[in-house]
1. Any idea which of 64, 2, 72 is part of a loop (DSSP other than H, G, I, E, B) and either at pLDDT below 90 or surrounded by 10 or more Cβ atoms within 10 Å (Cβ to Cβ) (or both)?
2. Could you give me the residue pairs with C-beta distances under 6 Å whose first residue belongs to segment 30-52 and is at pLDDT 75 or above, whose second residue is assigned to a loop (DSSP other than H, G, I, E, B) wherever it lies, and which are 6+ apart or on separate chains?
């Protein structure tokens, strides 16, 4: 009988860590959802979109375009 590629003890530790990480991630998501709800309640429907110069839909593209503009000015 051949031994498994990954020892059983290591598999157990990996599953234990994955379960812990999943629970922690779920707790963070729940916290952020609640924080968003509270902040929306505080705004009371007065939400405004950020100015267009602060909207950044593509951070890498915007950064590279800005970097190109700054390097061409020098």
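1. It is 2.
2. Listed by first residue and then by second, the contacts come to nothing, as the list is empty.
The values are calculated or read from the model by the stated rules, or taken from the named source; none is laboratory data. Note that this is a predicted model, so its numbers are computed, not measured. Quick reminder, even Gly has a Cβ in these numbers, built from the backbone with ideal geometry, and neighbours come from all protein chains shown.
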